[in-house]
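A.B. asks: One structure follows; several queries about it will come next.
Every read-out reported here was derived from the displayed coordinates using simple, explicitly stated rules and does not represent laboratory data. Being a predicted model, the structure only gives us computed values, none of them experimental. For neighbour counting, all protein chains shown are included, and Cβ atoms are generated from backbone atoms with ideal geometry for every residue, glycine included.
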Amino acid sequence: MDQKKILGCLDHTLLSVTATWEDIKVILDDAMEYETASACIPAAYVKEAAEYVAGKLPICTVIGFPNGYSTTAVKVFETKDAIANGAQEIDMVINVGALKNKRYQEIEDEIRAVHEACDGKILKVIIEACLLTEEEKIKMCEIVTNAGAEYIKTSTGFSAGGATFDDVALMRKHIGADVKVKAAGGISSLDDAEKFISLGADRLGTSRLIKLVKNTDTGSGIYALIVGAVPLALMNTCLIVINVYNLFKLLKTKQVYDLVDGNVDDALITYFLNRYAEDIKTYFPGFKKQDVSGKKAYIVCCDGNPAGVLAGEEKDGEIDILIDYSTPAYRDCSVGKFLYSQLSEKKIHKLRYAQELTDAHAAYMNKMGFVQEKGAYVKNIKS
């Protein structure tokens, strides 16, 4: 599928609690340059953003985000305020607790009220699919259709999991003919994006696709030469050569892995966690070393060098994972594949991850065969 077509389905997103106006401007500039469907940003920046883009880009924002348990009156007020400030698309979160309580009419009435407050603008309804049973997902397809919203959306990206191929296919099957599907959270590659679109997603919510395009766009060197920026062209070309060399080296080098099990407080594992503390925060924002003190840990070494670690609460052959991290040099999934293949020898038969999840980590878990189950990612280890 043409890259431009994929990006045309993208709601380029930044909803981080630490987002500054400078961060938002980068998102807006990228969205306009790559002609995405919209930029999805916090409500506090909508007015400033709408003035900044001056009609060149639809501004999307989130309502009742990320937990959805605001009252209907609050969500309606938020929506009207966002529309008045220039938002053209609204992504609202349902009250998942109300769904669990089977208060279906209450949910439908709330969606109708927010849709009316949109005053003709697009409404996307976030159902947080990772927390729902298949029956609940199908019921939400019915409710969203009846309420008249334009989209049903898989996820906030702030819960236990993001979009999955199965969820998008299920929604496409059960949603009304006039309702579209937005997949959000865990979309970490253009291949994933194309697959979601082929399954029926009309919109994609992520911040990663533009980053991927910018980092792999070899045309940047050519463009720099055209505009006379020779140093920039040389820098970009050198980066490309270095990346290709490292990839070639990684693929051609036979990697020999070893598995060392122990305790998080062991010297080697403590050193590893301290050494990569900053990078770990990127993928595990809520991770604190004191939370795993005394817990079981497995560290994977490649040719004697620490390459990855898995730590958590181990009981009766199951591990509740608190961290499952690979160093930047070993992000080809080989560490995880080796680790999971060895755990059966350690009498481990099941892994479970229910911590805060980033898009990148959700994508990794999907690739490694984890499935969403009761609000967590679960993987059964074959003996």
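A.B. asks: Which of Val264, Thr164, Val292 sits farthest toward the positive end of the charge dipole of the chain, with +1 on the Cβ of Lys and Arg and -1 on the Cβ of Asp and Glu?
C.D. replies: It is Val264.
A.B. asks: Please work out how much length the chain gains when fully extended from Glu356 to Lys80, using 0.36 nm per residue of separation minus the C-alpha to C-alpha distance, in nm with one decimal.
C.D. replies: Result: 96.3 nm gained on full extension.
A.B. asks: What nm value, rounded to one decimal, do you get for the distance between Ser344 and Ala177 when each label is placed 7 Å out toward the C-beta?
C.D. replies: 5.0 nm
A.B. asks: How much length, in nm to one decimal, is gained on full extension between Val26 and Asn146, taken as 0.36 nm per residue of separation minus their Cα-Cα distance?
C.D. replies: Gain in length upon complete extension: 39.4 nm.
A.B. asks: While we're here: How would you order 35-44, 178-187 from highest to lowest mean count of nearby Cβ atoms within 10 Å?
C.D. replies: 178-187, 35-44
A.B. asks: For Ala329 and Glu35, what is the calculated FRET efficiency with R₀ set at 41 Å and r taken between the beta-carbons, to the nearest 0.05?
C.D. replies: 0.70
A.B. asks: Also: For the chain, give me the percentage of DSSP beta bridges that are antiparallel, rounded to the nearest 5 percent.
C.D. replies: 50 percent
A.B. asks: Follow-up. Test of understanding: in a Gaussian network model of the chain with alpha carbons linked when under 10 Å, which of Gln355, Gln290, Gln342 would top the mean-square fluctuation ranking?
C.D. replies: Per the Cα network of the chain with a 10 Å cutoff, Gln290 tops the list.
A.B. asks: Using a simple spin-label model with points 7 Å from Cα along the Cα→Cβ vector, what separation in nm is obtained for Ala169 and Ser16?
C.D. replies: 3.4 nm
A.B. asks: Could you compute the FRET efficiency for Gln290 and Asn215, with r as their C-beta to C-beta distance and R0 at 35 Å, rounded to 0.05?
C.D. replies: Efficiency, rounded to the nearest 0.05: 0.50.
A.B. asks: Using mean Cβ contacts within 10 Å as the protection proxy, how do 262-272, 309-319, 17-27, 90-100 order, highest first?
C.D. replies: 90-100, 309-319, 262-272, 17-27
A.B. asks: State which helices in the chain qualify, where a helix is a whole DSSP H run, it must extend 30 Å or more along its own axis by its Cα atoms, and its mean Kyte-Doolittle hydropathy must be at least -1.0.
C.D. replies: 230-252
A.B. asks: So between Asp2 and Asp279, what do we pick up on full extension, going 0.36 nm a residue minus the alpha carbon distance?
C.D. replies: Residue separation times 0.36 nm, minus the Cα-Cα distance, leaves 96.4 nm.
A.B. asks: Further question on the same structure: Given the -39500 (n - 2.57) contribution per DSSP H run of 4+ residues, what per-residue ellipticity at 222 nm results for the chain, rounded to the nearest 500 deg cm²/dmol?
C.D. replies: Value at 222 nm, helices only, nearest 500: -13000 deg cm²/dmol.
A.B. asks: Using alpha carbons only, how many angstrom separate the centre of the range 331-364 from the centre of the range 91-121?
C.D. replies: 36 Å
A.B. asks: Using r as the Cβ-Cβ distance of Asp202 and Asn263, and R0 as 45 Å, what FRET efficiency do you calculate, to the nearest 0.05?
C.D. replies: Efficiency computed from Cβ-Cβ geometry: 0.40.
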